[in-house]
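Enquirer: What follows is a structure written as structure tokens; I'll ask about it next.
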Amino acid sequence: MTILITGATGLIGTELSQQLVQSGHTIHYLTTSKQKCVNEPHYKGFYWNIACKEIDTACLEGVDVIVHLAGASIAKRWTKKYREEIISSRIDSSNLLFDALSRSNTKIKHFISASGTAIYPESYSTLYSENNVDTASSFLADVVKQWEATADKFSIFGKVTKVRTGVVLSSKGGALQPILKPIAWGFGSYLGSGNQYMSWIHVQDLVNVYYYSIENALEGVVNGVAEEPVTNKKLTQCIANLVKKPLILPAIPAFILKLMLGQMSELILKSEKVTCQKLKNTEFRFTFKTIDKALIEILGKK
Ligand SMILES: NC(=O)c1ccc[n+]([C@@H]2O[C@H](COP(=O)([O-])OP(=O)(O)OC[C@H]3O[C@@H](n4cnc5c(N)ncnc54)[C@H](OP(=O)(O)O)[C@@H]3O)[C@@H](O)[C@H]2O)c1
């Protein structure tokens, strides 16, 4: 198959592209950086400029499946201008792709979009699955709602999948590095009460979720998280044990984190308790089922 990926040069996209090429698929990818365009037999880059509504439509030739991963990082300061970039990089890009596809002769059978678990309400007890319809009220939850609504437009072309992704753990970047560093330097402590849950997934398992969704045409919302969310206390303690460092107590109070990070503090203080019910109902198998197993693999590489 020929698969068009946006955001293919990022943390998830790089590993997904590699796996798909190794399995015999051809990757076309859209990048905002002309320097990142390469032209290899099974891996070809095409330029797009979302603000200027510019897209190299040759990227659509022969494409069967589109995977939309593009999005500005949410880990940078949420100024008004940057919030607009968080939204536009996901929604305007999706709309640009939609318009280009509408004008082309390409017939795709499947559109898969990244999405986020931020859409689920805060929870310390209820385990949210794909069937839950309650949604959170926050900037990120609103981004996810708009992101999924633009993805749903693609249902006129074929199947649509939205991978509501939790915190992706990887040795190559992402959320784990800023959590790990203070602990490894001997300054680690819990954040806030430490009782807030984090719904996580090992990057290799997430790549397998995308791969499985493509191969098995999994439709609708799919939670891209491991079966068992962990509390901040458990995550912090587990990392401290693995890097053999003590934790400095007391924990950093929530109000300090709110003062330092403003609304962005929801990234570390909001309790998200999400499970992968849809995947559990399939033959998909996780390689990293527990946080200990995932962290041993990731930290072992450092
Ligand atoms: N990693 C996580 O923990 C996590 C959790 C939940 C959801 N997700 C979502 O999954 C998707 C992929 O995540 P990731 O961790 O692989 O992200 P990433 O490493 O930050 O890569 C995202 C890619 O998006 C493109 N991009 C960046 N800024 C852009 C902008 N302003 N406009 C258009 N494109 C832009 C870049 O590709 P080019 O430079 O080639 O254009 C970049 O390589 C994102 O949408 C993210 O929100 C990730």
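The values are calculated or read from the model by the stated rules, or taken from the named source; none is laboratory data. These figures come from a predicted structure and were not determined experimentally. Please note: Cβ atoms are built from the backbone with ideal geometry, for glycine as well, and neighbour counts cover all protein chains shown. Ligands, DNA and RNA are stripped out before the accessible areas are found, and what is left, the full protein with its side chains, is counted by its heavy atoms. Shrake-Rupley method; radii C 1.70, N 1.55, O 1.52, S 1.80 Å.
Enquirer: Using Cα pairs under 8 angstrom and six or more residues apart, how large is the relative contact order of region 45-129, in percent? Before the final figure, lay out each step's value.
Expert: On the way: 65 pairs, mean separation 31.8, N = 85.
Once normalised by length, the contact order is 37 percent.
Enquirer: Quick check on region 27-120: of the DSSP beta bridges with both residues there, what percent are antiparallel, nearest 5%? Mind showing how you got there, number by number?
Expert: Values: 4 of 13 bridges.
Expressed as a percentage, antiparallel bridges in region 27-120 total about 30.
Enquirer: Quick one: compute the contact order of the chain, relative version, from alpha carbon pairs under 8 angstrom and 6+ residues apart, as a percent.
Expert: On the way: 557 pairs, mean separation 53.0, N = 302.
Reported relative contact order: 18 percent.
Enquirer: Among the trypsin sites (Lys or Arg not before Pro) in region 161-206, which ones are in a DSSP loop with at most 13 other Cβ atoms within 10 Å of the Cβ? Mind listing them? Write down the numbers at each step before the final one.
Expert: Values: sites: LYS162, ARG164, LYS172; in loops: LYS172.
Answer in residue order: LYS172.
Enquirer: Counting other Cβ atoms within 10 Å of each Cβ, which GluC sites (Glu not before Pro) in region 91-177 have at most 13 and sit in a DSSP loop? Walk me through the numbers on the way to the answer.
Expert: Working: sites: GLU122, GLU130, GLU148; in loops: GLU122, GLU130.
Counting only loop positions with at most 13 other Cβ atoms within 10 Å, none of the GluC sites (Glu not before Pro) in region 91-177 qualifies.
Enquirer: How big is D, in µm² s⁻¹, for region 158-288 by Stokes-Einstein at 20 °C and 1.002 mPa s if Rh is the Kirkwood radius over C-alpha pairs?
Expert: 134
Enquirer: Hand me the GluC sites (Glu not before Pro) from region 1-82 located in a DSSP loop with no more than 16 other Cβ atoms within 10 Å, in residue order please. Mind dumping the intermediate values first?
Expert: Working: sites: GLU15, GLU54, GLU61; in loops: GLU61.
Those satisfying the criteria are GLU61.
Enquirer: What value, in deg cm²/dmol to 500, does the helix sum -39500 (n - 2.57) over DSSP H runs of n ≥ 4 give at 222 nm once divided by the residues of the chain? Show your work: numbers first, answer last.
Expert: On the way: 10 runs with 111 residues, N = 302.
Rounded to the nearest 500, the figure is -11000 deg cm²/dmol.
Enquirer: Using a probe of 1.4 angstrom, how much of the accessible area of region 137-182 is carbon and sulfur, in percent?
Expert: Values: 1050 of 1800 Å².
The C+S portion of the solvent-accessible surface of region 137-182 is 58 percent.
Enquirer: In nm, give the distance between the simple-model label positions of ARG103 and ARG77, each being 7 Å from the Cα along the Cα-to-Cβ direction.
Expert: About 3.8 nm separates the two model spin labels.
Enquirer: Do any of LYS107/LYS278; LYS159/LYS280; LYS44/LYS289; LYS44/LYS162 go past 22 Å between their Cα atoms, and which?
Expert: On the way: LYS107/LYS278 27 Å; LYS159/LYS280 20 Å; LYS44/LYS289 34 Å; LYS44/LYS162 24 Å.
Pairs exceeding the cut-off: LYS107/LYS278; LYS44/LYS289; LYS44/LYS162.
Enquirer: At 7 Å along the Cα-to-beta-carbon direction for both LYS293 and TYR211, put a label point, then send me their distance in nm to one decimal.
Expert: With each label point 7 Å from Cα toward Cβ, the separation is 1.6 nm.
Enquirer: Let me ask something additional. Please give the length that would be gained between SER155 and ASN195 if that part of the chain were fully extended, namely 0.36 nm times their separation in residues minus their C-alpha to C-alpha distance (nm, one decimal).
Expert: 10.5 nm
Enquirer: Once you place label points 7 Å from the Cα toward the Cβ at VAL133 and GLU54, how far apart are they in nm?
Expert: A separation of 4.5 nm, rounded to one decimal place.
Enquirer: Still on this structure: So, for region 143-302, what is the accessible surface per residue at a probe of 1.4 Å, expressed in square angstrom?
Expert: Values: 7180 Å² over 160 residues.
The answer is 45 Å² per residue.
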